[in-house]
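K.L.:
Structure provided below as structure tokens; questions to follow.
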Amino acid sequence: MFALSCSRLLLQAFPKQPVTPRVTGQCIRSMKTSQQDSHKKDDMPIKMENPYKQPPKTCILCNITVDFKNVQLLSQFISPHTGRVYGRHITGLCGRKQKEVSKAIKKARSMGFMSVTLKNPQFMKDPDICGIKHLE
Ligand SMILES: [Zn+2]
């Protein structure tokens, strides 16, 4: 009941009349010119580099050419326990380089540069570029 009366009061106070702004063309033009005048040359935005731009994502092999004769590099992507090639989720390489590495390993194995079933013991103590923490 109270709400109803309130709305009635409001209606009485502000009768429905479409508010039509009487702005002539001249008036708009004058407003625009006044705004343009307020902008001085010193106040214009300065062109600058995007400060939030992130550096391009690169993997560890992005700038290195993978060669099938570089057995030491290739053996770093092979598990010392199983002798198999690490997956992309472990190596952290981009898709292109992961494919290149796996192809190079395949080629090196077929050519006889690398053993197929195990990691070369010569490279067992190489730095771990894949960042794997083996249980000891
Ligand atoms: Zn890459």
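K.L.:
Given the conditions (1) of a type in the set (Ser, Thr, Tyr); (2) surrounded by 11 or more Cβ atoms within 10 Å (Cβ to Cβ); (3) not in a helix (DSSP H, G or I), and given that Ser110 satisfies all but one, which numbered condition is not satisfied?
P.N.:
Here Ser110 meets the rest and fails (3).
K.L.:
Further, regarding this structure: Within the set of pairs 6 or more residues apart or between chains, which connect a residue that is farther than 18 Å from Arg88 by Cα inside segment 54-71 to a residue that is more than 10 Å from the ligand (Cβ to nearest atom) and part of a loop (DSSP other than H, G, I, E, B) with Cβ atoms less than 8 Å apart?
P.N.:
From segment 54-71, the pairs are Phe68/Phe113; Lys69/Phe113; Val71/Phe113; Val71/Met114; Val71/Asn120.
K.L.:
Let me ask you something else. So, of the residues in segment 76-114 that are of a type in the set (Ser, Thr, Tyr) and within 33 Å of the chain's Cα centre (by Cα), which turns out to be farthest from Cys59 (Cα to Cα)? First the steps, then the outcome.
P.N.:
Initially, segment 76-114 is screened for residues of a type in the set (Ser, Thr, Tyr), giving 79, 82, 86, 91, 102, 110.
This time we only want the ones that are within 33 Å of the chain's Cα centre (by Cα), so: 79, 86, 91, 102.
Working: Ser79: 19, Tyr86: 15, Thr91: 9, Ser102: 15 Å.
Among residues in segment 76-114 that are of a type in the set (Ser, Thr, Tyr) and within 33 Å of the chain's Cα centre (by Cα), the one farthest from Cys59 (Cα to Cα) is Ser79.
K.L.:
Given the structure, is Lys119 in a helix (DSSP H, G or I), under 18 Å from Phe68 (Cβ atoms) and of a type in the set (Lys, Arg)? First the steps, then the outcome.
P.N.:
Numbers: in a helix (DSSP H, G or I): no; under 18 Å from Phe68 (Cβ atoms): yes; of a type in the set (Lys, Arg): yes.
No; evaluated as a whole, the condition is false for this residue.
K.L.:
Return a yes/no flag: does segment 75-92 have any residue that is surrounded by fewer than 13 Cβ atoms within 10 Å (Cβ to Cβ), over 20 Å from Thr117 (Cα atoms) and either out of contact with any Ser or Thr (no Cβ under 9 Å at 6 or more places or on another chain) or without any contact (Cβ under 8 Å) to a residue 24 or more places away in the chain (or both).
P.N.:
Yes.
K.L.:
Let me ask you something else. Which condition from (1) in contact (Cβ under 8 Å) with a residue 60 or more places away in the chain; (2) more than 14 Å from the ligand (Cβ to nearest atom) is the one that Lys107 breaks?
P.N.:
Exception for Lys107: condition (1).
K.L.:
Select from segment 110-121 the residues that are without any contact (Cβ under 8 Å) to a residue 12 or more places away in the chain and closer than 12 Å to Ser75 by Cα and list them in ascending order.
P.N.:
At the first step, the residues of segment 110-121 found to be without any contact (Cβ under 8 Å) to a residue 12 or more places away in the chain are 110, 112, 121.
Scanning segment 110-121 gives a single hit, Pro121.
Every number in this text was worked out from the coordinates using simple rules, so none of it is lab data. Keep in mind the model is a prediction, meaning the values are calculated, not measured. FYI the Cβ positions are ideal-geometry reconstructions off the backbone, even for glycines, and counts take in every protein chain you see.
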